[in-house]
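A.B. asks: Please read through the structure below; I'll follow up with questions.
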Amino acid sequence: MKRLWLYIAIMSVGTTAWAQRVLTLDDCRQLALDNNKQLTIARVKQDAAANDKRAMRTKYLPKVDALAGYEWTSREISLLSDETKDKLNNLGTNLNDKMSSTLTNVIGTMVQNGVITPQAAQAMGSTMGKAGQAIEGVGNQLGQGITDAFRSDTRNMFAGSIFIRQPLYMGGAITAANRIADLKEQLMTHQIDMSTQSILYDIEQTYWLVVSVQQKNRLAHSFYDLVKKLNDDVHKMIDEGVATRADGLKVDVRVNEAEMAITQAEDGVALAKMLLCQLCGLPMDSDITLADENSDNIISSGDAYTADGTADGIDRPELHLLEGAIDISREATKLVRAAYLPQVALNAGYLISNPSVYNGFENKFKGIFNVGVIARIPVWTWHEGRYKMNAAKAATTIAELEYEELSEKIDLQVSQCRFKVKEAHKKCDMARKNISSAEENLRCATVGFQEGVMSTTDVMAAQTAWQQAKSQLIEAESDLKMAQVALRKAVGDLRGER
């Protein structure tokens with residue numbers, strides 16, 4: 001039985017330890033960076049910019065394209081007119097008719113002149129008729145062959161080609177486009193840096209808010225213990241007749257106020273932890289404990305990040321973003337100029353078709369190789385290029401002025417943060433001195449009350465002064481921590497290790 005209870009106790013302790021999660025500041029920072037959606041989007045954009053950069057590099061390389069097609073037409077292309085085709089198809093008949101007419105006239109003339117007899121003329125006509133028929137057949141066949149040879153047979157056309165394009169000189173457009181792609185990738189890196197710093201700033205501010213609220217919660221409990229102890233003492237004195245009922249009522253009111261302060265402090269801790277869980281990407285009802293929330297002081301002795309300890313150089317991602325915008329604007333100006341400069345490209349390819357025309361019209365696939373150079377030289381554009389160049393240069397000037405303005409604002413912000421850090425240090429020193437005085441005052445009031453030389457009002461006033469001094473120290477240390485975080489963000493040092 002004892003072993004069973006021991007096992008249950010061990011399991012209960014293990015379950016409690018597992019349910020409650022202790023988080024350091026570095027843990028919260030890492031959780032926020034891992035779970036933040038906007039930072040994930042920025043990383044995806046960076047990958048897209050890297051792919052755009054790789055795609056832009058291919059502009060230097062030759063491009064190979066292949067084309068293929070088929071087309072049917074209702075009529076074929078004819079190189080001969082219908083009249084010419086008719087003459088060629090009846091070439092022998094037309095020749096025979098002209099020869100017969102000419103020979104008939106010649107034979108008739110010879111008969112009239114007595115050169116030959118009519119019988120001889122008749123025999124010659126019979127012989128020439130037979131010869132004309134033979135010539136007519138050969139001539140018509142020859143004409144039909146010529147007509148057929150000129151047929152294009154283009155109702156079914158097949159064509160295909162492979163060609164290569166290699167830019168030789170594009171006015172600097174490809175170089176400028178690649179430079180822009182490089183700059184955009186760098187901008188995405190700075191964008192991630194800016195998002196990271198913003199996330200870490202929110203996390204650290206919320207973390208120290210939780211720590212300060214938790215310390216005020218502890219202070220509220222400590223103050224309640226003081227007031228409760230006084231309340232018990234006063235009621236004992238009332239029973240002994242040393243104190244009056246009015247003194248007891250005063251202390252009762254103060255006890256009720258202390259209980260209300262505890263409730264408010266606990267609610268504040270719960271709300272602050274819910275906000276921290278939301279920033280870390282954890283369920284808002286997670287049971288978390290911060291490593292620094294139970295420490296006596298928010299500001300540790302080794303915390304030396306002060307106004308004098310900051311680096312002189314300011315490394316803000318916002319400045320890098322504007323620097324990149326200026327460089328991109330300058331490269332865009334080069335792109336505009338390249339559009340109005342000569343451009344030269346090399347073309348080469350192979351073309352195949354059916355029907356082919358390289359040996360007359362043939363229903364065979366035949367092709368040819370081709371190589372050439374294409375040059376494009378703008379001659380007159382009515383000063384369009386100059387106007388666009390002026391507009392692009394104006395955009396660069398605007399970006400440079402915005403950079404100067406942002407630099408001035410950042411310098412002012414850094415100076416303000418440094419002053420706030422110094423002021424917060426002074427408040428911490430003053431608050432520590434006030435605590436020493438308040439603790440001594442409370443000790444004297446307590447001793448005096450116990451000896452009967454001081455009233456309950458004096459003790460409650462001393463307790464209130466002690467509570468206010470403690471609260472002021474917590475607020476001063478919290479303000480100092482917040483001011484240090486703001487200063488680190490202002491100088492661009494809110495990244496990596498603390």
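A.B. asks: Every residue in segment 445-467 that is loosely packed, with under 15 Cβ neighbours inside 10 Å and assigned to a helix (DSSP H, G or I), please. Before the answer, list the steps.
C.D. replies: Residues of segment 445-467 loosely packed, with under 15 Cβ neighbours inside 10 Å: 447, 450-453, 457.
Within segment 445-467, 447, 450, 451, 457 meet the criteria.
A.B. asks: Contact list please: Cβ distance under 8 Å, first residue in segment 449-468 and under 16 Å from residue 231 (Cβ atoms), second residue part of a loop (DSSP other than H, G, I, E, B) and open to solvent by 50 Å² or more (accessible area, probe 1.4 Å), pairs at least six apart or on different chains.
C.D. replies: 449/455
A.B. asks: Same structure, new question: Looking at segment 202-222 only, could you name the residues that are out of contact with any Asp or Glu (no Cβ under 6 Å at 6 or more places or on another chain) and of a type in the set (A, V, I, L, M)?
C.D. replies: Hits for segment 202-222 are 203, 209, 210, 213, 219, 220.
A.B. asks: If you scan segment 390-427, which residues turn out to be under 28 Å from the mean Cα position of the chain (by Cα) and of a type in the set (A, V, I, L, M, F, W, C)?
C.D. replies: 391, 392, 394, 395, 398, 399, 401, 406, 410
A.B. asks: Take the conditions open to solvent by less than 20 Å² (accessible area, probe 1.4 Å), in contact with a strand residue (DSSP E or B) (Cβ under 8 Å, 6 or more places away or on another chain), assigned to a helix (DSSP H, G or I) and not acidic (Asp, Glu) and apply them to residue 276. Does it pass? Reasoning before the result, please.
C.D. replies: Values: open to solvent by less than 20 Å² (accessible area, probe 1.4 Å): yes; in contact with a strand residue (DSSP E or B) (Cβ under 8 Å, 6 or more places away or on another chain): yes; assigned to a helix (DSSP H, G or I): yes; not acidic (Asp, Glu): yes.
Yes.
A.B. asks: Out of (1) under 17 Å from residue 463 (Cα atoms); (2) under 58 Å from the mean Cα position of the chain (by Cα); (3) open to solvent by less than 40 Å² (accessible area, probe 1.4 Å), the odd one out for residue 260 is which?
C.D. replies: (3)
A.B. asks: Then there's this: If we keep just the residues of segment 401-444 that are small (Gly, Ala, Ser) and surrounded by 12 or more Cβ atoms within 10 Å (Cβ to Cβ), which is nearest to residue 223 (Cα to Cα)?
C.D. replies: The first filter runs over segment 401-444 and keeps only residues small (Gly, Ala, Ser), leaving 407, 415, 424, 431, 436-438.
Applying the additional criterion that residues be surrounded by 12 or more Cβ atoms within 10 Å (Cβ to Cβ) yields 407, 415, 424, 431, 437-438.
Values: 407: 48, 415: 39, 424: 25, 431: 18, 437: 17, 438: 13 Å.
Applying the filter and picking the extreme gives 438.
A.B. asks: Here's a follow-up. Being over 44 Å from the mean Cα position of the chain (by Cα) and buried (at least 19 other Cβ atoms within 10 Å of the Cβ) is the filter here, so list the residues in segment 468-490 that pass it. Don't jump to the end; show me each part of the working.
C.D. replies: First, pick out the residues of segment 468-490 that are over 44 Å from the mean Cα position of the chain (by Cα): 468-473.
Correct list: 469, 470, 473.
A.B. asks: Now for a separate question. Which of the following residues is in contact with a helix residue (DSSP H, G or I) (Cβ under 8 Å, 6 or more places away or on another chain) and under 30 Å from residue 84 (Cβ atoms): 102, 147, 154?
C.D. replies: On the way: 102 fails: in contact with a helix residue (DSSP H, G or I) (Cβ under 8 Å, 6 or more places away or on another chain); 154 fails: in contact with a helix residue (DSSP H, G or I) (Cβ under 8 Å, 6 or more places away or on another chain).
Just a single option satisfies the conditions, and that option is 147.
A.B. asks: Same structure, new question: Tell me yes or no: at least one residue of segment 206-214 is over 43 Å from the mean Cα position of the chain (by Cα), crowded, with 20+ Cβ neighbours inside 10 Å and not polar (S, T, N, Q).
C.D. replies: Pass one, segment 206-214, residues over 43 Å from the mean Cα position of the chain (by Cα): none.
The answer is no, given that none of the residues of segment 206-214 is over 43 Å from the mean Cα position of the chain (by Cα), crowded, with 20+ Cβ neighbours inside 10 Å and not polar (S, T, N, Q).
A.B. asks: In segment 288-334, which residues are at pLDDT 90 or above and open to solvent by 60 Å² or more (accessible area, probe 1.4 Å)?
C.D. replies: Those that are at pLDDT 90 or above and open to solvent by 60 Å² or more (accessible area, probe 1.4 Å): 323, 330, 334.
A.B. asks: Among (1) part of a helix (DSSP H, G or I); (2) among the basic types (Lys, Arg); (3) at pLDDT 80 or above; (4) within 30 Å of residue 151 (Cβ to Cβ), where does residue 75 come up short?
C.D. replies: (1)
A.B. asks: Let me ask something else. Give the residues of segment 154-205 that are within 25 Å of residue 63 (Cβ to Cβ), touching a Pro at 6+ places or on another chain (Cβ under 8 Å) and either crowded, with 19+ Cβ neighbours inside 10 Å or of a type outside the set (A, V, I, L, M, F, W, C) (or both), sorted by residue number. Don't jump to the end; show me each part of the working.
C.D. replies: First pass over segment 154-205, keeping only residues within 25 Å of residue 63 (Cβ to Cβ): 158-185.
Narrowing further to those that are touching a Pro at 6+ places or on another chain (Cβ under 8 Å): 164-166, 169, 171, 174.
If the condition is that a residue be within 25 Å of residue 63 (Cβ to Cβ), touching a Pro at 6+ places or on another chain (Cβ under 8 Å) and either crowded, with 19+ Cβ neighbours inside 10 Å or of a type outside the set (A, V, I, L, M, F, W, C) (or both), then 165, 166, 169, 171 are the ones that fit.
A.B. asks: Here's a follow-up. Quick one: in segment 226-257, of everything that is of a type in the set (A, V, I, L, M) and not in a helix (DSSP H, G or I), which residue is most open to solvent (accessible area, probe 1.4 Å)?
C.D. replies: Just the residues of segment 226-257 that are of a type in the set (A, V, I, L, M), to begin with: 226-227, 230, 234, 237-238, 242-243, 246, 249, 251, 253, 255.
Checking which are not in a helix (DSSP H, G or I) leaves us with 242-243.
On the way: 242: 98, 243: 18 Å².
Once the filter is applied, the top-ranked residue is 242.
A.B. asks: May I pose another question? Tell me, which residue of segment 25-70 that is part of a helix (DSSP H, G or I) and among the polar types (S, T, N, Q) is surrounded by the most Cβ atoms within 10 Å (Cβ to Cβ)?
C.D. replies: Looking at residues that are part of a helix (DSSP H, G or I) and among the polar types (S, T, N, Q), I get 46.
A.B. asks: Take segment 231-287 and flag every residue that is among the small types (Gly, Ala, Ser) and closer than 30 Å to residue 31 by Cβ.
C.D. replies: 265, 268, 270, 272, 281, 286
A.B. asks: Restricting to segment 372-414, name every residue that is of a type in the set (A, V, I, L, M) and either in a helix (DSSP H, G or I) or under 30 Å from residue 151 (Cα atoms) (or both). Quick ask: steps written out before the conclusion?
C.D. replies: Initial filter on segment 372-414 (of a type in the set (A, V, I, L, M)): 373-375, 377, 379, 389, 391-392, 394-395, 398-399, 401, 406, 410, 412, 414.
Answer for segment 372-414, where residues must be of a type in the set (A, V, I, L, M) and either in a helix (DSSP H, G or I) or under 30 Å from residue 151 (Cα atoms) (or both): 389, 391, 392, 394, 395, 398, 399, 401, 406, 410, 412, 414.
A.B. asks: If we keep just the residues of segment 130-184 that are free of Cβ contacts under 8 Å to residues at least 40 places away in the same chain and aliphatic (A, V, I, L, M), which is farthest from residue 66 (Cα to Cα)?
C.D. replies: 131
The values are calculated or read from the model by the stated rules, or taken from the named source; none is laboratory data. All values derive from a computational prediction rather than experimental measurement. Don't worry about glycine lacking a Cβ; one is built from the backbone with ideal geometry, like all the others, and counts go over all protein chains shown. Protein only, heavy atoms only, side chains kept; ligands, DNA and RNA dropped before computing areas. Shrake-Rupley method; radii C 1.70, N 1.55, O 1.52, S 1.80 Å.
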